[in-house]
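Read-outs: derived from the displayed coordinates by stated rules, not from any lab. All values reported here derive from a predicted model rather than from experimental measurement. Please note: Cβ atoms are built from the backbone with ideal geometry, for glycine as well, and neighbour counts cover all protein chains shown.
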Amino acid sequence: MRTLRTITLELLRHGPPHNQLLSPLTPYMALCGSHGAQTLYLPFEHREFLLRLRGLRSMAHSSEVDEARRAYLREVGQRLSELLDGVPGLTAELGAWPRGAEGVVHLQLVTSAAELALLPFEAVLSPRGAPAAGLPLALQTDLPVSITRQVRRSTPPCVPWPSRPRILFVTAAPGGLKVPAEEHRNVLLEAIQPWVRPSDEAGKDNSDELLTVLENASLEALRKACAARDYTHVHLLAHGKPMPGLGGERFGIILHDEAVPDDERVVSGELLATALRGHTETVEGRLSHPAVVTVASCDSANQGSVVEPAGSIAHALHEAGIPFVVASQYPLTGRGSVAMTRGLYTQLLWGADPRVVLHSVRQQLQLLDEPVHDWASLVAYASFPADFDAQLRATQIRSAIDAVKASLRRSELKLRAGQSSEPLQQDLRRARQDLKQAQERLEYASPSGSDANARDDRAEIQGLCGSIDKQLAQFLDRSVPEDQRGPSHEECKALLFLARDHYWRGLMEKPSSHWHATQYLSLCVILNMEGKELRRQYNYACQVARFSLETARRDDERIWGLGSLAELKLLSALLPDCNQEKALSQARRYIQRLLKLAVPGSFAVNSTRRQIERYSTWWERWRPRLAGLARELLQEFPQDSEFSGPSVSPGPKPEAPSRELKP
């Protein structure tokens, strides 16, 4: 599911953000899209709303209290709905979309007035004329609506959406307090599991790079952790607590005291923002800049006093430049905090649209059947750049690539370990499920449209899917003993046919791609293409590869072009009039030129070598004529060439990194 569009509703008033009580006498100006401005008056007196707020924040449980809490929530939601009825532009925007549309409409509330931050807009009922009128707007499914808030600012924060996660999990429970730290840790470990890659050393993997746990956290320990590493996501689990002030109480988060760790220190949102956005030790003069901060803490989005010039914890973090902050404006149940964490991280790490994820998490919280209203308590402050959809697509592609590489790595180590047949087959079945899921996510990331960029992206994604099917076929073939390869051989060929078709569809999207043309031809050869059709496809692939090499402006483009030409010269040995010695000599020269351009450990070199190795080993029984020539070509490569990551840039567009799975 995707975000169909964003509707921005801005509520303004004269004067500073603070020191204004809720009052039916105060005029507010409402701006919605290109519609005319409207004057609104709130339906609450300040004292009256505080009484409602006390009922909404109550954690007492009895049938009478639970019923009163639900009644308070619906009454406040109804009165806020009547307020929004006074914004015809909002009703028109919501009503303009057809019912049952496949996507979420993003309603962005922009305001700086502190008293408006007190109001639970997330509980508003759908206004008259809008879809599902009278039902909670954030829960109704006639036209799903995701509600976020935004601090009024001139420009959104310039933070790229993370494509590779590095999560900091911060937990604090001083003085005998209890928090569900183990449950949250297990949820985060489950969320990162698709990207955990084991190393050659037994029992080691990269989970520490993906998730760091900071227990018994103090403010200084948090600052040091953020200064030492660049984290993309920060998840805080702690208790909230009122902080008395001259103008009334505000809410902070309880951390450990630096001097006396068993003692508590209540930290304001401003101090927390300073710790999260301090100077880093990695790059001089650079500030740490997580893109996502989730706060599993009671009242972390509660405005508190409107007299002092400060907001809630979530408001302060967002105002400090953090693009996406999720918090709770009322007390949050333990089960709700775990469900919120699972719903957010198991989707965000795959590159899911955070606006869609937010709507999904609200539904999950509603289904908990708790006697409180965690779904309405959830508040998200969000500010995204104009190219956010393109960034999301890049994240979806990147996360799918990394998940594929991790799954293939796990399968590879199991094959090396020589597991017995049945456990190995079970592991490979799980790997196939993981790879299938990654393929589905890749295809979902394919953009629509007929412009050149959309076609290029679709071509790259088809190439990725082809690479996944091809590598999975290779693992499947290797997992079965030689004397038992009858049925698996047919299944392996079926996967190769799927891979061939993916490369073909990619080539149709981008006919100038020598990579797609070469890989399509390679699999056609393995699957018994011969005669005039082989000659025609070979000539075409050579033409686009040579053109790419002649027009290349960067060394990485030349390297991939030379790799394709070397492989094509190897395949030319199957042409009826081919001079094999000449073809082999030309392939050697292409590889030698490739090695001169590439740096040591280059992924391009290793990728080309792995592809040629397939002809000499895996595909030998299908095309034995190519195996001997491939073994001679392999002598041109460094013998210690092992994968060490892409030392050369994989391509001109960061949103199209498919070459990291090439070929």
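What does the highest-first list of 429-435, 106-112 look like by mean Cβ count within 10 Å? Don't jump to the answer; show the numbers that get you there.
Working: 429-435: 16.3, 106-112: 20.7.
Answer by packing, highest mean first, reads 106-112, 429-435.
Using alpha-carbon pairs under 8 Å, 6+ residues apart, how would you state the relative contact order of the chain in percent?
Working: 1221 pairs, mean separation 66.7, N = 663.
This gives 10 percent for the chain.
What does the extension gain come out to for C578 and R74, with contour length at 0.36 nm per residue minus their alpha carbon separation?
Numbers: separation 504, 0.36 × 504 = 181.44 nm, distance 8.01 nm.
That works out to 173.4 nm of additional length.
Applying the Karplus parametrisation 6.51 cos²θ - 1.76 cosθ + 1.60 with θ = phi - 60° to the phi angles of the range 269-280, what ³J(HN,Hα) value in whole Hz is obtained for each residue in order, glycine and proline being reported as x?
Karplus values, whole Hz, x for Gly and Pro: x, 5, 5, 4, 5, 5, 5, 6, 10, x, 5, 8.
Among L119, H315, G129, pick out the residue whose Cα is farthest towards the positive end of the charge dipole of the chain, where Lys and Arg carry +1 and Asp and Glu carry -1 on C-beta, about the Cα centre.
Result: G129, furthest along the dipole toward the positive end.
Amide H to amide H, which residues 5 or more places from R149 or on other chains are under 5 Å from it, using H placed in the peptide plane?
Excluding prolines and chain starts, which carry no amide H, the hits are L109, A380, Y381, A382.
For T141 and S448, FRET efficiency with R0 = 30 Å and r from the beta-carbon atoms, rounded to 0.05?
Efficiency, rounded to the nearest 0.05: 0.80.
Between R478 and Q592, what is 0.36 nm times their sequence separation minus the Cα-Cα distance? Round to one decimal in nm. Write down the numbers at each step before the final one.
Numbers: separation 114, 0.36 × 114 = 41.04 nm, distance 3.05 nm.
My answer for the length gained is 38.0 nm.
State, to one decimal in nm, how far the label point of E190 lies from the label point of R5, with both points 7 Å from Cα in the Cβ direction.
Placing both labels 7 Å along Cα→Cβ, they lie 3.8 nm apart.
Which one of T212, H279, T341 has its Cα pushed farthest toward the positive end of the charge dipole of the range 167-386, where Lys and Arg give +1 and Asp and Glu give -1 at the Cβ?
Going by the charge dipole, the pick is T341.
Extending each Cα 7 Å along its Cβ direction at K493 and N216, get the distance between those two points in nm, one decimal.
If labels sit at K493 and N216, their model points lie 6.4 nm apart.
Under a 5 Å amide H to amide H cut-off, with H placed in plane at 1.01 Å, what residues pair with L214 once short-range neighbours are removed?
Answer set, sorted by chain and number: F169, V170, T171.
Quickly estimate the mean residue ellipticity at 222 nm for the chain, helices only: each DSSP H run with n ≥ 4 gives -39500 (n - 2.57), and the total goes over all residues, rounded to 500.
On the way: 22 runs with 320 residues, N = 663.
Value at 222 nm, helices only, nearest 500: -15500 deg cm²/dmol.
For the range 167-386, report the convex hull volume of the alpha-carbon atoms normalised per residue, in Å³, without decimals. Mind showing how you got there, number by number?
Details: hull volume 33.6 nm³, N = 220.
That works out to 153 Å³ per residue.
What full-extension length gain, to one decimal in nm, is calculated for S63 and E530 as 0.36 nm per residue of separation minus the Cα-Cα distance? The partial results should precede the final answer.
Details: separation 467, 0.36 × 467 = 168.12 nm, distance 7.79 nm.
Gain in length upon complete extension: 160.3 nm.
Between helix 555-571 and the chain, what is the angle of the helix's C-alpha long axis to the longest principal axis, kept within 0 to 90° and rounded to the nearest 10?
Tilt of helix 555-571: around 40 degrees.
State to the nearest 20 debye the size of the charge dipole of the chain about its Cα centre, where the only charges are +1 on K and R beta carbons and -1 on D and E beta carbons. Walk me through the numbers before you get to the answer.
Values: 78 positive and 79 negative charges, 417 e Å.
I would put it at about 2000 debye.
Non-local amide H neighbours of V307 (under 5 Å, H modeled in plane, Pro and chain starts lacking H): which ones?
Residues meeting the criterion, in which the H sits 1.01 Å from N, are N19.
Just to check I understand the Karplus step: with θ = phi - 60° and J = 6.51 cos²θ - 1.76 cosθ + 1.60, what whole-Hz values come out for the range 460-476, glycine and proline as x?
4, 5, 4, x, 4, 4, x, 4, 4, 4, 5, 5, 5, 4, 5, 5, 4
Hey, could you grab the Kirkwood Rh for the chain? Inverse mean 1/r over distinct alpha carbon pairs, Å, one decimal. Working shown, then result.
On the way: mean 1/r = 0.0361 Å⁻¹.
After inverting the pairwise mean of 1/r, the radius is 27.7 Å.
Give the angle, between 0 and 90 degrees and rounded to the nearest 10, that separates the Cα long axis of helix 334-348 from the longest principal axis of the Cα atoms of the chain.
40
I want the antiparallel fraction of DSSP beta bridges within the chain, as a percent rounded to 5. It would help to have the intermediate numbers written out before the result.
Details: 24 of 56 bridges.
Expressed as a percentage, antiparallel bridges in the chain total about 45.
In degrees from 0 to 90, rounded to the nearest 10, what is the angle of the helix 531-551 Cα long axis to the longest principal axis of the chain?
Approximately 60 degrees, to the nearest ten.
Once the mean 1/r over all distinct Cα pairs of the range 308-378 is inverted, what Kirkwood radius in angstroms do you read off? Please list the in-between numbers first.
Working: mean 1/r = 0.0770 Å⁻¹.
It is 13.0 Å.
Modelling each spin label as a point 7 Å along the Cα-to-Cβ direction, I'd like the E45/D205 distance in nm, to one decimal.
Here the answer is 6.0 nm between the modelled labels.
With a cap of 16 neighbouring Cβ atoms within 10 Å, and only residues DSSP puts in a loop, list the GluC sites (Glu not before Pro) found in the range 215-277. Walk me through the numbers before you get to the answer.
On the way: sites: E215, E220, E249, E258, E264, E270; in loops: E215, E249, E258.
Passing both the DSSP loop test and the Cβ count: E215, E249, E258.
Ranked highest first by the average count of other Cβ atoms within 10 Å around their residues, in what order do 342-353, 606-617, 584-595 fall?
Working: 342-353: 22.4, 606-617: 20.1, 584-595: 18.6.
In decreasing order of mean packing, 342-353, 606-617, 584-595 become 342-353, 606-617, 584-595.
How many percent of the alpha carbon pairs in the range 3-150 exceed a separation of 17 Å? Present the calculation step by step, with values, prior to reporting the outcome.
Details: 6771 of 10878 pairs.
Here the long-distance tail beyond 17 Å is 62 percent of all Cα pairs in the range 3-150.
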